[in-house]
Amino acid sequence: MAPIPAPDVVVCDGGTGFERARRRAWPRTRVQRCVFHAFCQVRRYTTSRPRLQAGRELYALSIELMHLETLRQADWWAERYLQRRSFWADFLEDVSIVDGRRVFTHERLRKARSSLSRLVSAGTLFTYLDPALTAEGPLPRTNNPIEGGVNAQLRDMLRNHRGMSSMRRVKAVFWWCYLHAESPKPVREALGAMPTDDDIDLLYRTYSAGPKRDVDVQ
């Protein structure tokens with residue numbers, strides 16, 4: 001990211017690795033949390049047919065996130081969210097005994113609530129509505145275009161070539177990106193820029209949990 005000029009706003013899906021990199025490389029860049037991913041995170045815990053009223057209200061509020069067009073609507077959404085969070089606070093403190101241990105009875109609802117509360121506290125849900133940033137035109141609220149236009153094709157490519165080692169999968173992604181660039185480089189130049197096995201091992205050691213030269217990714 002460092003060689004790329006810092007943008008005014010970046011739309012992201014909440015990955016912690018990217019956020020650490022953003023704070024280091026683009027500390028002044030504003031963040032817009034993809035509202036579709038925020039909705040999906042809630043749905044993951046409530047399902048699309050919540051049984052409990054607290055879950056139904058939380059799910060309905062998460063759906064609204066994708067349809068807010070003005071700051072006034074966003075402020076009204078945040079006010080209602082905080083009201084319902086307060087209303088259900090005692091209910092979500094209920095405890096049950098499971099295998100001799102005290103656990104929260106509605107743990108999944110608590111996780112759904114926390115996923116939204118973190119975003120409300122961080123102030124990253126409605127960056128796309130900030131007048132200081134929208135003077136030259138509307139801003140995106142999701143990263144779905146890149147998901148469908150690029151990421152989905154990369155996933156399909158890797159799915160169609162199952163069985164490759166992690167090392168070969170990384171190189172396959174590099175080649176796909178080179179070949180689908182707006183102005184692809186000649187093969188000789190692309191080969192010169194292609195990372196070596198040692199380069200990829202270094203990246204793994206630096207950013208994850210060590211080299212995975214012979215480990216297959218499921």
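The values are calculated or read from the model by the stated rules, or taken from the named source; none is laboratory data. Just so you know, these numbers come straight off a predicted model, no measurement behind them. When we count neighbours, we look across all protein chains shown, and the Cβ atoms used for this are built from the backbone with ideal geometry, even at glycine. In case anyone asks, the SASA skips ligands and DNA or RNA and just uses the protein heavy atoms, side chains included. Shrake-Rupley method; radii C 1.70, N 1.55, O 1.52, S 1.80 Å.
Observations on the structure shown:
- Residue match in region 54-65 (condition: touching a Leu at 6+ places or on another chain (Cβ under 6 Å) and under 26 Å from PRO138 (Cβ atoms)): no
- In region 142-162, residue farthest from VAL173 (Cα to Cα) [restricted to those that are modelled with pLDDT of 75 or more and open to solvent by less than 50 Å² (accessible area, probe 1.4 Å)]: THR142
- Some residue of region 52-64 being in contact with a Phe, Trp or Tyr (Cβ under 6 Å, 6 or more places away or on another chain), under 16 Å from GLY123 (Cα atoms) and either among the small types (Gly, Ala, Ser) or touching a residue at least 40 places away in the same chain (Cβ under 8 Å) (or both): yes
- Figure legend. Inter-residue proximity from region 1-18: first residues among the hydrophobic types (A, V, I, L, M, F, W, C), second residues open to solvent by 40 Å² or more (accessible area, probe 1.4 Å) and in a loop (DSSP other than H, G, I, E, B), beta-carbon distance below 7 Å, spacing 6+ or different chains. Indicated pairs: ALA6/ARG28; VAL9/LEU133; VAL9/LEU139; VAL11/PRO140.
- Within region 4-62, being farther than 20 Å from ARG108 by Cα and among the charged types (D, E, K, R) holds for ASP8, ASP13, GLU19, ARG20, ARG22, ARG23, ARG24, ARG28, ARG30, ARG33.
- Residue under evaluation PRO184, criteria (1) part of a helix (DSSP H, G or I); (2) free of Cβ contacts under 8 Å to residues at least 40 places away in the same chain; (3) over 29 Å from ARG51 (Cα atoms), criterion not met: (1)
- The residues of region 167-186 include none that are modelled with pLDDT of 80 or more, more than 22 Å from ARG155 (Cα to Cα) and open to solvent by 90 Å² or more (accessible area, probe 1.4 Å).
- Within region 67-88, being touching a residue at least 24 places away in the same chain (Cβ under 8 Å) and aromatic (Phe, Trp, Tyr) holds for TYR81, TRP88.
- Number of residues in region 70-93 that are surrounded by 14 or more Cβ atoms within 10 Å (Cβ to Cβ) and outside any helix (DSSP H, G or I): the value is 1.
- Selection status of GLN32, within 20 Å of GLY123 (Cβ to Cβ), open to solvent by less than 40 Å² (accessible area, probe 1.4 Å), touching a residue at least 24 places away in the same chain (Cβ under 8 Å) and in contact with a helix residue (DSSP H, G or I) (Cβ under 6 Å, 6 or more places away or on another chain): yes
- When region 35-49 is limited to residues that are open to solvent by less than 20 Å² (accessible area, probe 1.4 Å) and not β-branched (Val, Ile, Thr), the one that is farthest from the chain's Cα centre (by Cα) turns out to be PHE39.
- Search result, residues across region 94-122 that are surrounded by fewer than 13 Cβ atoms within 10 Å (Cβ to Cβ) and not in a helix (DSSP H, G or I): ASP94, VAL95, SER96, ILE97, VAL98, ASP99, GLY100, ARG101, ARG102, VAL103
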